[in-house]
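*Asks:* Attaching a single structure in structure tokens format; questions to follow.
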Amino acid sequence: MQLALRSVHIAAMALVLGGLAFGVPDENLRLSIVLTVASGVLLLAVDLAKSGVFLYQGAGVASLLKLALLGLGMAFPVARFELYLAATLVASVGSHMSGPWRHYSFLDRRVLTRD
């Protein structure tokens, strides 16, 4: 399920980001925006269902930073493309960093191993 959700999320966000880059009106991006948000919420829910510690590990912190950048993009439409691009870069790094970085706990100050 995560693979399907992640694939939809990446494709939909690519359409949103590309649309912003080329000045596509928001109403023409509505479906892509809805798919991006819905798949993102479901992906976050899956990660939180596995363990709440996700939020203070490297991958979770990257997700929270991404959400903050997306929120800033909504608050500052003039910089939306740049902020969404930054969010995409943060998400890419967060998704592909090595295990020790992904599972590093900022609260415990150590890598949390999977049980």
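Values quoted throughout were computed directly from the atomic coordinates according to the rules given, and no laboratory measurement underlies them. If you're wondering where the values come from, they're calculated on a predicted model, not measured in any experiment. Here Cβ is always computed from backbone atoms with ideal geometry, including for glycine, and neighbour counts include all displayed protein chains.
*Asks:* For Val111 paired with Asn28, estimate the spin-label separation in nm (one decimal), with each label point 7 Å from Cα along the Cα-to-Cβ line.
*Replies:* Taking the two extended label points, one gets 4.7 nm.
*Asks:* Pulled fully out, how much extra length does the chain show between Ala4 and Ala49, if you take 0.36 nm times their separation in residues and subtract their Cα-Cα distance?
*Replies:* Length gained between Ala4 and Ala49: 14.5 nm.
*Asks:* Of the listed peptides 7-16, 48-57, what is their order by residue-averaged count of other C-beta atoms within 10 Å, with the highest listed first?
*Replies:* Result, highest mean first: 7-16, 48-57.
*Asks:* Tell me, what ³J(HN,Hα) does each residue in the range 78-84 have, in order and in whole Hz, if you take phi through Karplus 6.51 cos²θ - 1.76 cosθ + 1.60 with θ = phi - 60° and put x for Gly and Pro?
*Replies:* Values per residue, Gly and Pro as x: 5, 10, 4, 4, 5, 5, 5 Hz.
*Asks:* Let me ask something else about it. Sorted from largest down, give the three principal axis spans of the alpha carbons of the range 1-50, whole angstrom values.
*Replies:* Principal-axis extents of the range 1-50 (Cα, largest first): 39, 15, 13 Å.
*Asks:* Next question. Helix-only mean residue ellipticity at 222 nm, the chain, DSSP H runs n ≥ 4 weighted -39,500 (n - 2.57), per residue, nearest 500. What is it?
*Replies:* -24500 deg cm²/dmol
*Asks:* Please list the non-local residues whose amide H lies under 5 Å from the amide H of Val111, H modeled 1.01 Å from N, same-chain partners needing a gap of 5 or more.
*Replies:* The answer is Ser105.
*Asks:* Follow-up question, since we're still on this one. Please list 3J(HN,Hα) in residue order for the range 26-35, calculated via the Karplus relation 6.51 cos²θ - 1.76 cosθ + 1.60 where θ = phi - 60°; whole Hz, with x for glycine and proline.
*Replies:* Values per residue, Gly and Pro as x: 3, 4, 7, 9, 3, 4, 5, 5, 4, 5 Hz.
*Asks:* While we're looking at this one, here's another question. Mind ranking 18-25, 30-37 by how tightly packed they are, going by the mean number of other C-beta atoms within 10 angstrom, highest first?
*Replies:* Highest-to-lowest ranking by the protection proxy: 30-37, 18-25.
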